[in-house]
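As structure tokens, the structure follows; a few thoughts come after it.
The values are calculated or read from the model by the stated rules, or taken from the named source; none is laboratory data. Keep in mind that this is a model prediction, so the values were computed, not measured. Positions of Cβ are generated from backbone atoms using ideal geometry, with glycine treated the same way; all protein chains shown enter the neighbour counts.
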Amino acid sequence: MNDSSKLNKKDEEKLCNSFGNSCKVSEESLDEKEEMLPEISSKDIEKFNDTLSDDGHCDSEECKNNKYCKYDLWNKWTDKSSKISFKSNNNYGDGEEKLGSEYGIIPMGQNSSYDLDMPFNQRWECKKLDKDGSFRLGVEISSEYTIILSNTLYIFNNIKNIYTYLQDGSNIKNSLKKIITKLNETTKKCKTSLINGLKKHEVSESNLKKANDIIENIKKITLLDNDKIELYSSYDGKKYNYNLLDAYNKLHLENINIKNIISAIGDIETYNQLCIINSIKNNIKMFNNCTLLEKLNEIIRNVFKNKFLVVVDEIKGYKPITKLHYIICYRITHGKPRCKYIM
């Protein structure tokens, strides 16, 4: 209905008078329907859109407390969707069609990067929570997740391989032995080792925390001093200053025996440290400024940078999420990170 077809105030009063008091809404009936969300007018939408940032997220309290839904709180299902099943069908996931019917819209379908194009300039992505409060992401993070997993596996495999080349009588070698034991150990609760779980893309919550701790431990072991040593150049015979890792590689390339390399570098601990660093240096740098879990959390939160995560539940209703820092990756299953909303 366009604006010209709407009743003006006087016409509306006449119409009400002709029907008597039956057209008036009592205060009791309003109280009974206080959970019902109001209808959305074009003027309301225009005003609401002005409060949004360019990526469709809330930048103001007016947006976060808008009258069409409650953010970070459960919104109950209403009569608008009472006839729509929560269960998925061939075209839509669980809760998508039901949530769409609350706002009079049809879900976008499987070929879209989001589920609902909301009438107030937001894109919503629906995720049904499992019994443990978790949900799974799809192909949208496959490439970034694969890079993280590949680097992690490469580090752990090389740690196992380099161990046999380390010199005895070293605290670093003993520390690495403990790490390798943790990579291969199983428990009563978790019968799959961390290393095998990573290869299968099935990592439990406890093993994912263990992987995170191991990466942090390796970072401490490979923390190298900025010492320089003087060595003769193979090209012009002159002496130059080399950092420890360059000196280690130079001496190995020149086929210097291990005893003399240790003597030139300083001691066995430094030699073993350089062995480890040299085998994983290109992969461990991904975690220089963050942990494994922080890296995984970053990629899952980035999925919702330009759209809203909306968790749905058959009984509770739906909850649009604005506080992305409460979304965490807590395990890996079926080849993808499994996420949990912890608030």
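Considering every residue within the range 97-104, establish whether at least one is farther than 18 Å from ILE321 by Cα and either of a type in the set (Phe, Trp, Tyr) or exposed (fewer than 15 other Cβ atoms within 10 Å of the Cβ) (or both). The answer is yes; a qualifying residue exists. Annotation note: Cβ proximity below 6 Å between a residue of the range 83-110 that is in contact (Cβ under 8 Å) with a residue 12 or more places away in the chain and assigned to a loop (DSSP other than H, G, I, E, B) and a residue that is surrounded by 15 or more Cβ atoms within 10 Å (Cβ to Cβ) and among the basic types (Lys, Arg) (sequence gap 6+ or interchain) occurs for ILE84/LYS98; PHE86/LYS98; ASP94/LYS128; GLY95/LYS128. Among all residues of the range 298-317, there is at least one that is surrounded by fewer than 18 Cβ atoms within 10 Å (Cβ to Cβ), assigned to a helix (DSSP H, G or I) and not polar (S, T, N, Q).
Counting the residues of the range 248-283 that are under 35 Å from the mean Cα position of the chain (by Cα) and surrounded by 18 or more Cβ atoms within 10 Å (Cβ to Cβ) gives 7.
Condition check: under 28 Å from the mean Cα position of the chain (by Cα), more than 24 Å from GLY169 (Cβ to Cβ), assigned by TED's automatic domain parsing to the domain that holds GLY197 and not small (Gly, Ala, Ser). Does GLU230 satisfy that?
Numbers: under 28 Å from the mean Cα position of the chain (by Cα): no; more than 24 Å from GLY169 (Cβ to Cβ): yes; assigned by TED's automatic domain parsing to the domain that holds GLY197: yes; not small (Gly, Ala, Ser): yes.
In short, no.
Here is the figure for the range 140-185: residues that are under 15 Å from VAL203 (Cα atoms), in contact (Cβ under 8 Å) with a residue 24 or more places away in the chain and among the charged types (D, E, K, R) total 1.
Of all residues in the range 177-206, exactly one satisfies the criterion of being closer than 23 Å to ILE162 by Cα, hydroxyl-bearing (Ser, Thr, Tyr) and within 24 Å of the chain's Cα centre (by Cα), namely SER193.
Check whether at least one residue in the range 176-199 is more than 30 Å from TYR330 (Cα to Cα), of a type in the set (A, V, I, L, M), assigned by TED's automatic domain parsing to the domain that holds ILE256 and not in a loop (DSSP other than H, G, I, E, B), and report yes or no. Break it down into steps so the answer makes sense when it comes.
We begin by selecting, within the range 176-199, every residue more than 30 Å from TYR330 (Cα to Cα); these are none.
Checked against the condition, which is being more than 30 Å from TYR330 (Cα to Cα), of a type in the set (A, V, I, L, M), assigned by TED's automatic domain parsing to the domain that holds ILE256 and not in a loop (DSSP other than H, G, I, E, B), the range 176-199 yields no hits at all.
Taking THR152, is it crowded, with 16+ Cβ neighbours inside 10 Å, of a type outside the set (A, V, I, L, M, F, W, C) and assigned to a helix (DSSP H, G or I)? Before you say what the answer is, go through the steps one by one.
Numbers: crowded, with 16+ Cβ neighbours inside 10 Å: yes; of a type outside the set (A, V, I, L, M, F, W, C): yes; assigned to a helix (DSSP H, G or I): yes.
Yes.
If I ask for residues that are farther than 15 Å from LYS319 by Cα and over 26 Å from the mean Cα position of the chain (by Cα), which ones from the range 84-119 would you list? If the condition is that a residue be farther than 15 Å from LYS319 by Cα and over 26 Å from the mean Cα position of the chain (by Cα), then ILE84, SER85, ASN89, ASN90, SER101, GLY104, ILE105, ILE106, PRO119 are the ones that fit.
So which of ASN289, ASN241 is under 30 Å from ARG136 (Cβ atoms) and loosely packed, with under 14 Cβ neighbours inside 10 Å?
Values: ASN241 fails: under 30 Å from ARG136 (Cβ atoms).
None of the others qualify; the one that does is ASN289.
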